[in-house]
Amino acid sequence: QVQLVESGGGLVQPGGSLSLSCAASVRIFAIYDMGWYRQAPGKQRELVARITSTGRPNYADSVKGRFTVSRENAKNTVYLQMNSLKPEDTAVYYCNLALGVSSYWGQGTQVTVSS
């Protein structure tokens with residue numbers, strides 16, 4: 001049973017920073033592509049950033065230059081560093097693990113950007 005546990009969400013002022021972590025309970029973490037998605041109230045879930053098993057990142061246009069995705073295979077963990085946060089970044093952030101047709105989700109962590 002794959003489990004993904006996110007942490008690091010919270011309330012931050014506009015312009016501030018937060019770092020999210022997602023720990024995965026899998027045997028060989030390094031073979032999986034990992035992603036961060038978010039869902040704001042009344043909106044569809046959207047991709048924020050992904051990092052492939054080989055460490056190649058890609059980002060949604062809305063977060064390029066502000067967010068950084070990284071992974072630490074030895075700790076079965078993927079990170080999302082979020083800088084210069086904006087109110088429109090407010091959402092529940094979900095971690096995703098994917099391999100072929102298999103896809104797993106964490107429970108989500110709330111990020112609120114507000115003054």
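The values are calculated or read from the model by the stated rules, or taken from the named source; none is laboratory data. If you're wondering where the values come from, they're calculated on a predicted model, not measured in any experiment. Cβ: placed from backbone, ideal geometry, glycine included. Neighbour counts: every protein chain shown. Accessible surface is based on the protein model in full, side chains and every heavy atom, while ligands, DNA and RNA are left aside. Shrake-Rupley method; radii C 1.70, N 1.55, O 1.52, S 1.80 Å.
Odds and ends about this structure:
- Full extension of the chain between VAL5 and GLU46 gives 12.9 nm of extra length, using 0.36 nm per residue less the Cα-Cα distance.
- Each principal axis of the Cα atoms in the stretch 53-104 has its own extent, and those three values, largest first, are 33, 21, 19 angstrom.
- Projecting label points 7 angstrom from Cα along Cα→Cβ for SER115 and SER62 puts them 2.1 nm apart.
- Between SER21 and ASN73, the simple spin-label model (points 7 angstrom out along Cα→Cβ) gives 2.0 nm.
- Carbon plus sulfur fraction of accessible area for the stretch 1-58, probe 1.4 Å, in percent: 48 percent
- Whichever lysines have a C-alpha closer than 21 Å to that of LYS86, once near sequence neighbours (fewer than 8 apart) are set aside: LYS43, LYS64
- Cα lying deepest toward the dipole's positive end in the chain, options VAL26, VAL5, LEU47, charges on Cβ: VAL26
- For the stretch 51-97, a crude dipole built from +1 on the beta carbon of Lys and Arg and -1 on the beta carbon of Asp and Glu, taken about the Cα centre, is about 160 debye to the nearest 20.
- Nearest-20 debye value, the chain charge dipole, Cβ charges on Lys, Arg, Asp, Glu: 140 debye
- Computed on the stretch 1-59, with alpha-carbon pairs under 8 angstrom and 6+ residues apart, the relative contact order is 24 percent.
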